[in-house]
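The values are calculated or read from the model by the stated rules, or taken from the named source; none is laboratory data. Here the structure is a predicted model, which is why all the values come from computation and not from measurement. Using ideal geometry, Cβ is built from the backbone for each residue, glycine included, and neighbour counts are taken over all protein chains shown.
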């Protein structure tokens, strides 16, 4: 059992374990081929059409590298633990639906991590409980905490892969990360993942690259604008569907237009319905909706389809008066009632945190063996003045 | 007027012409965002999800480089000719539908180049005849033949871009082409595109890289298998639709299931219908068809959806007896009638030509100014022994 | 007149100007082929053997890109100014001797920029005063200040090239800089070079990458150690030479061992002597000195030759007592007198400044046309807490 | 014991074996830092200044990858064999002197491989016979022949590394080789190295890339010209030295100017003298010789120093008459006697073989387990028409 997969980012990815191969071949995993990793970012960066399946395979590859490296440093990791950690990272994002994070609350009010867990539990049944250890690691319940931290922390292989991959496919060279060097600097101390002090600058650079990718790519004005448009298209479609308007949709999407799933009240059929859904359902519907008789659904869908997006402006919350003024101008210009205007003039906030000293912080191991937080090394780049949450207010409106 | 677009392959692509910007913004061009350049190759190479829009922009960029280079060598190219050549290359592939070349004959019996021409003529009307010169160049009717050859010959910017782009996104480093060096070696002789003799090895390498991409990527067994499966899914769906079976499809796809467009008999609505069609229509339909009551449509669609593909074998046409034997085994195994077996056991040929001395051959300009064919230089790599068409026969069947 | 040069960093570098070609061909420029850009850093990073000639050509290439870009934005730059700016950047580092900056004060007490100026003035005579404008720009005396700033400021093409080049040849991916994007963001305001606000993150990233290259590469402990060893080898050799010890040296090096050139008292033959000197003179002498009868010269030379370097430790100046203690241990161990110990136990400081708001600061041009310092944008990464000079004290001693 | 070295070509190279670390640290290996891998090619490709040490480390890295891969396929390789194979590849080129292959016969008439063997035997003594197995593998005397073939055959890690490395540092993208894919395709059959048939195209591409690097880089006219100049400088210097002319040279070089070492008559001091020699001895002497009183030595040295090279022309041996004619013109123009002309007008041949079916040919392992030569697969690119030796005659003369 030995498959190699060409990956332009990491070279070759090897699968040499029967169970892992079966999981990768399972329809619930293959479905990730039909979900773009960066949602609508391709409207700005035409290369950003890579899929969640590709990212999952890439993170799995880095997990293998990290495990090899730690073993070379004398950390014991059994074959069973290796398999489990690799499965856990492969499946860490399997609960993403189409165009998450944008649609996360609109299609169904459930966090994607909860869905990932549901799917992993489902697969554990399918595969005769062979995923039990993977689940334990994923949930953070396993004693070797570093295995969980490799999957989910401020310096996990998930982030290392998506930054490398997203900068590769967008062509934004500023996001390039020396992931191979960082992995070579990984070590374990008291079952916790730490970084050798020779790796300080690489980690700083990683945090800066991530911040840069946020402001330049993930939270790019045009990306924000298109995602907000998408959210409101779905919001309008659900409104119409639930008021018995006739609306084209694939069977999979029909369910989500009619139902309001939420984590509090999750009917039995949710998972089955969810696993049928992907980008194609949304994209094919929007193309049809662009000719719908409902003026709002038609207008918004047409705009997204042809990339005729709303204008985005960041503003200072003190200037709410100006915002209100602009809003009534838009309302007047397009002759909209008080309900309709909320589809043509959108308001939202976005924020990003460079680094948090709280949850799953990054620990540097000094030569003398003591640990220190990355923000507390000598002359830290990541210091108190830049570790506060940056919050931006923006409006987005038809022109 | 100045837009820059990040391209991971070429760096930055600049658009600084109003008309070109308007063409790029037109829905018929934006539609190329929803058509994957390499069709189903992503089932083997997960990174190969880049779009036809991205390739068109890339080829446009290389056209700009080529024009700059030729001007530096004293070749006169007016601003109007530059704009026209750039428009022609931008639109050279606009007639591709979803999953061409696989579906080219199945959805409608018209060559994509004819459709490109139809769309360009349509756009020429939309843009007040400003595309007249571009059309002339595209059709090869313009006196400066080299402008046409840059768009369509055995060494055009179309091929330079798609080889560079496809090897980048698949990660198949063997396909990498030194396009910048080749472009620097371009020259013009009697209005024909030629290559300086310092560029011989780069051109040889380009032809070899192209051959390699064919056998390793474009004609990869699994890619052939999945495309043949797709063709037969559509064939079955059209059969059912035309026999009044109820079949899910987007409105755009419905038209093509019902109608049998062909270049000989092209009704008025063809272009309008065609411009609505993209990958999403096919992909969303196949997902629904995977649960259809027709056994064949269901089986084939489910297989493609979950990447449970047919086995492919190349064979020697002398061994047709063995092929027939295998076919009846498959028929028996799956309990199929004589019509059904043709969906479970598929036969086809594929071929590739390394280089042709005929149409639009590659001319090398020697230091003394004389021209010579690339296959006739000293110690040619591209010689008679390898410039024959290579034809492979293969079967593809359910297991 | 048209030459293209392969550059693994930038692709192809074109020289299409007769005068520039003649300057590049001049022995004083060709001499830069024999001076490594990164001095002894190759003892840590084996790939870092690229030359000052290569960097000069690279910076020249970026200057061409910058000029093209500014012209596209409507900034007027004449053909004469273009040629002059390109010559100025080609020659900006021509005053570097072997293993600058390490040997800058040891071989001769003159700043390399003063020597660059002397050589440019010399070449101006050789080339019939055709470098007059280049000199004016180089010295900052020309009215279009931005041309000077492209050569020498905190965001000049010199830095853009050397960061890109040094990270390429060392393989330190953390130093990669999106120089093409930064150049695309260049603009001119009141004859000063500014950066469009869309380029903020790229500039921040550039400053961070530079800081990282300093700590990880240029000021790497082993690099510091080897450079200090080299300085002391030369110091010892000069001491011996000036005390009439017989010492192997090339004629070019003999001059510098005997003479103590300084900017205050510069005899006529200095420039002639200087232009004969390169890395080979130093390297070939050290190899011979490794068998010299002087114990100190022999020991230090042998160590550098065979990469048997001194140990380096950073220390806190408060702990001078411990340093003195260690020093006497070393003196005892190697049985050294009070003069000799200063060759076996070396003390120095090193420092780096991330960004200075003073001299040649980086100005961002906002959409409304106003200028703002890079350290004063919203949520600046480059803020007051990290723009102070970082100074490190270190010792370096035989073991 | 664990060192990592940054390599821009392969990423990180790890040394985790005490003996290997000691060998790498030995002066005879460190000496390779001072010998450029590509000799004078940097006069055409300014980036081509990487060293033989760097190549040796790179080939060592690929050997590690190959061993890992073969073990994954079930081939048994003991820890001792791994160490020995790695040592053998590290030292395979240690017998190269400065500017081999150009100076191989001029400085001393001994093949570099014989010198490599001498040095390895010397090191075996130094390291208490721990290199015995490495020597056996290097000489091809070990039963597991594939270990020798990895070091020396038509598809060894030596070639894989130098093609990758030389194309990286020259920037000649046409030489890029998918070495990682080729290594993944390695297998062993009856103790012989073979390649899986999925790797056919990669191997073809490798052979083509190598051919291209020969004609475009290694045998580039200007490189040939400068190397021939160098050979004649040394030839002249030896002539003068042996006629008791006073001639600057480092002590190491003095020996080789005076002595005519040859493999038939090798005095005791040869190895000691050889190990002191590197590029710096040659380069520093030539700089001094550029002012020597001997007209020929001065002229040739000055030309090489300032890159004022001879013109090169390929010619057809039938046209010897024209060659003779040109020669007498040169003789007349520079007023040279019959002996002197042979320094101003040089004649030589160069040749390259794409692939040989003889010695150490490349075997493809088909799916059914049978072996076949790479030139005999279906539709071979490497066929009889291009596997003949290509020989070129050229002249090289002062202008």
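A compact table of results
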| item | result |
| --- | --- |
| Lone unmet requirement of (1) touching a residue at least 12 places away in the same chain (Cβ under 8 Å); (2) in a helix (DSSP H, G or I); (3) in contact with a helix residue (DSSP H, G or I) (Cβ under 8 Å, 6 or more places away or on another chain) for residue C:201 | (1) |
| Flag for residue D:156 being under 22 Å from the mean Cα position of the chain (by Cα) and either surrounded by 23 or more Cβ atoms within 10 Å (Cβ to Cβ) or within 14 Å of chain C (Cβ to nearest Cβ) (or both) | no |
| Residues (in contact with a helix residue (DSSP H, G or I) (Cβ under 9 Å, 6 or more places away or on another chain) and part of a strand (DSSP E or B)) located in the stretch A:354-390 | A:363, A:364, A:365, A:372, A:390 |
| Check on residue D:284, part of a helix (DSSP H, G or I), within 24 Å of residue D:112 (Cβ to Cβ) and touching a helix residue (DSSP H, G or I) at 6+ places or on another chain (Cβ under 9 Å) | yes |
| Residue within the stretch D:157-166 that is assigned to a strand (DSSP E or B) and at pLDDT 95 or above present | no |
| Extreme residue, nearest to residue B:383 (Cα to Cα), among residues of the stretch D:373-398 that are at pLDDT 90 or above and exposed (fewer than 15 other Cβ atoms within 10 Å of the Cβ) | D:391 |
| Residue list for the stretch D:112-130, restricted to those being in contact (Cβ under 8 Å) with a residue 40 or more places away in the chain and in contact with a helix residue (DSSP H, G or I) (Cβ under 7 Å, 6 or more places away or on another chain) | D:115, D:118, D:119, D:122, D:123, D:127, D:130 |
| Residue check for residue C:181: over 21 Å from residue B:8 (Cα atoms), at pLDDT 90 or above and either touching a helix residue (DSSP H, G or I) at 6+ places or on another chain (Cβ under 9 Å) or assigned to a helix (DSSP H, G or I) (or both) | no |
| Odd one out for residue B:68 among (1) within 18 Å of the chain's Cα centre (by Cα); (2) within 14 Å of another protein chain (Cβ to nearest Cβ); (3) surrounded by fewer than 23 Cβ atoms within 10 Å (Cβ to Cβ); (4) under 23 Å from residue B:179 (Cβ atoms) | (1) |
| Considering residues of the stretch A:235-245 that are free of Cβ contacts under 8 Å to residues at least 40 places away in the same chain and either within 14 Å of chain B (Cβ to nearest Cβ) or surrounded by 14 or more Cβ atoms within 10 Å (Cβ to Cβ) (or both) only, the residue nearest to residue A:106 (Cα to Cα) | A:239 |
| The stretch A:7-20, residues that are farther than 15 Å from residue A:64 by Cα and either without any contact (Cβ under 8 Å) to a residue 24 or more places away in the chain or exposed (fewer than 15 other Cβ atoms within 10 Å of the Cβ) (or both) | A:18 |
| Per-region count, the stretch C:257-286, residues buried (at least 16 other Cβ atoms within 10 Å of the Cβ) and within 14 Å of chain D (Cβ to nearest Cβ) | 14 |
| Within the stretch A:360-379, tally of residues that are at negative phi and without any contact (Cβ under 8 Å) to a residue 60 or more places away in the chain | 7 |
| Residues being under 11 Å from residue C:294 (Cβ atoms) and under 19 Å from the mean Cα position of the chain (by Cα) - total across the stretch C:222-246 | 0 |
| Yes/no for residue B:314 being surrounded by fewer than 20 Cβ atoms within 10 Å (Cβ to Cβ), in contact (Cβ under 8 Å) with a residue 60 or more places away in the chain and not in a loop (DSSP other than H, G, I, E, B) | yes |
| Candidate set: the stretch A:1-33, residues that are in a helix (DSSP H, G or I) and touching a strand residue (DSSP E or B) at 6+ places or on another chain (Cβ under 7 Å); chosen: the one nearest to the other protein chains (Cβ to nearest Cβ) | A:33 |
| The lone exception for residue C:62 - which of (1) more than 23 Å from the chain's Cα centre (by Cα); (2) touching a residue at least 60 places away in the same chain (Cβ under 8 Å); (3) part of a helix (DSSP H, G or I); (4) more than 14 Å from chain D (Cβ to nearest Cβ) it fails | (1) |
| Filtered residues of the stretch C:87-102 (kept if surrounded by fewer than 20 Cβ atoms within 10 Å (Cβ to Cβ) and in contact with a helix residue (DSSP H, G or I) (Cβ under 7 Å, 6 or more places away or on another chain)) | C:100 |
| Some residue of the stretch A:175-189 being closer than 30 Å to residue C:204 by Cα and within 14 Å of chain B (Cβ to nearest Cβ) | yes |
| Matching residues, the stretch D:40-52, being more than 10 Å from chain C (Cβ to nearest Cβ) and within 17 Å of residue C:53 (Cβ to Cβ) | D:40, D:41 |
| Residues located in the stretch B:212-234, provided they are within 10 Å of another protein chain (Cβ to nearest Cβ) and either touching a helix residue (DSSP H, G or I) at 6+ places or on another chain (Cβ under 8 Å) or modelled with pLDDT of 95 or more (or both) | B:212, B:213, B:215, B:216, B:217 |
| Condition check for residue C:248: surrounded by fewer than 23 Cβ atoms within 10 Å (Cβ to Cβ), in contact (Cβ under 8 Å) with a residue 40 or more places away in the chain and out of contact with any strand residue (DSSP E or B) (no Cβ under 7 Å at 6 or more places or on another chain) | yes |
| Residue within the stretch D:191-198 that is part of a helix (DSSP H, G or I) and touching a residue at least 12 places away in the same chain (Cβ under 8 Å) present | yes |
| Residue within the stretch C:247-267 that is within 17 Å of the chain's Cα centre (by Cα) and not in a helix (DSSP H, G or I) present | no |
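Yes/no matrix, rows are residues, columns are (1) on the phi > 0 side of the Ramachandran plot; (2) not in a helix (DSSP H, G or I):
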position	(1), (2)
A:89	no, no
A:98	no, yes
A:105	no, no
A:115	no, no
A:129	yes, yes
A:137	no, no
A:147	no, no
A:150	no, no
